[in-house]
Amino acid sequence: MKILQMNFEKGWRGGERQTLLCMQEFRKAGHEVSLLTRANNELSKRALAAGFTVHTLQKSWQQLPFLIRHARQFDIIHSQTANTLTWAVLARFFSATKVVFTRRTAFAVAPKKERMTVFKWKKADLFVAIAQAAAQEPRRLGIEPIIIPSAIQPPCINRQRADALRNDFKLESNIILGTAAAFTWEKDPLTLIRAVADLHKLRQDFVFLHFGAAGELTPAAKALIQQLNLENVYLLAGFREQVEDYYSLLNVFVMSSCQEALGSSVLDAFLQHVPVVSTNAGGLKEVLADGRGILCEVGDSKALAEGMKTLLDCPEKAASMAEKAYAYVIDEHNAGKMGQRYLQAYEKLLAKGR
């Protein structure tokens, strides 16, 4: 098969990592894979370094003329983002190439956007959701996705970077908790800060590291940290490449999201044998089911604090939970398994048109 992957995001987050993983797995299986993406973004750089054919554009709208000219060269066009699906769907008027769309979010569709969203979604020949949470909204709107969980690859951990961070922050405590999440509303960092404050009332022998890019809630988060006198407890580590290198420092990983399709940073924690406390938002409820972590209601800072305390107070329980989570992520979120699931779906789709 000739497969074109589309992802026009500027940054390097879960969706971009999944795009590159898909490409690598498809190539391993003997297929010809290309990428259409934004010029000079991290995805284009990594795909080029990996030896893929990469088509880069400056502006999002330029995807349409590209597809009008070149779509016929491919058997499958795989749109990895909502933005790229817009252009892939419009190009359907000029080409019969099959379009696959993967939904990686669990956001509700705004009422004023429902008609256009349903039009785009129904024009995709195959609709994939990465978790049941990501499939709920399409189902409400009359579309039945197939579920293909995202994958994760065990990274090569650089322990020296973790040691350097410990020195940079002068981390004297051996008890370190943390998260990796942008300061955006769906990650709900304010609830997490309150949870850490609640935990700090019970024990003062830890620090909390927050890795993540700035967002609309950054000013409010900084103000709340100061208001709760957590300046020496809740430490802002900022966005960091290869954040997995720092997970070796953590005794507990925490997620406070109020909306989450899957939660790939939790899978990273699983891989590093770090026990997890999380809200039950969206796909997090699926990922941490069956005793793979401690689940709390969205927005419940006291429950998050209690969950953190439980894992710190009961190291044997924490270790058992982490081992169960590790076994799960190695099996269910295996990159090879994800690649095969997509390829089987591609082949089934192409067989229908023959």
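Results, tabulated for the structure shown:
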| read-out | value |
| --- | --- |
| The chain - charge dipole about Cα centre, Lys and Arg +1 at Cβ, Asp and Glu -1, debye rounded to 20 | 1700 |
| Farthest positive-ward along the stretch 49-181 dipole, Cα basis, beta-carbon charges - from Ala181, Trp121, Thr102 | Trp121 |
| 19 Å Cα-Cα threshold exceeded, pairs from Lys10/Lys285; Lys28/Lys59; Lys187/Lys222; Lys59/Lys98; Lys123/Lys187 | Lys10/Lys285; Lys28/Lys59; Lys59/Lys98; Lys123/Lys187 |
| Two-decimal log10 I(q)/I(0) for the chain, as the Debye equation yields it once each C-alpha is a single scatterer, q = 0.14 Å⁻¹ | -1.16 |
| Rounded to the nearest 20 debye, dipole of the stretch 159-332 from Cβ charges on Lys, Arg, Asp, Glu | 440 |
| Share antiparallel - DSSP beta bridges, the stretch 158-285, percent rounded to 5 | 0 |
| Relative contact order (%) - criterion: Cα under 8 Å, at least six apart; region: the chain | 15 |
| Among Gly30, Leu43, Leu350 - extreme Cα towards positive end, dipole of the chain, charges at beta-carbon | Leu350 |
| The stretch 212-342, relative contact order [Cα under 8 Å, separation at least 6], % | 21 |
| Mean separation of Cα contacts under 8 Å, 6 or more apart, over the residue count of the stretch 1-80: relative contact order % | 42 |
| GNM top mover of Leu35, Leu228, Leu262 - the chain, alpha-carbon springs below 10 Å | Leu228 |
| Net +/- balance of residues flanking Leu43 in space, Cβ distance below 11 Å, scoring K and R +1, D and E -1 | +3 |
| Computed [θ] at 222 nm, deg cm²/dmol, the chain (DSSP H ≥ 4; -39,500 (n - 2.57); rounded to nearest 500) | -13500 deg cm²/dmol |
| Rounded to the nearest 20 debye, dipole of the stretch 9-159 from Cβ charges on Lys, Arg, Asp, Glu | 360 |
| Beta bridge orientation in the chain: antiparallel %, DSSP, nearest 5 | 0 |
| Selection from Cys258, Val274, Leu228 lying farthest towards where the dipole of the stretch 209-354 points positive, charges on Cβ | Cys258 |
| Cα shape, the stretch 159-332, gyration tensor, a/c 1.5 rule | rounded |
| For peptides 194-201, 154-161, sequence by mean Cβ density within 10 Å, most packed first | 194-201, 154-161 |
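Read the figures in this text as sums done on the coordinates, not as results from a lab. Just so you know, these numbers come straight off a predicted model, no measurement behind them. Cβ: placed from backbone, ideal geometry, glycine included. Neighbour counts: every protein chain shown.
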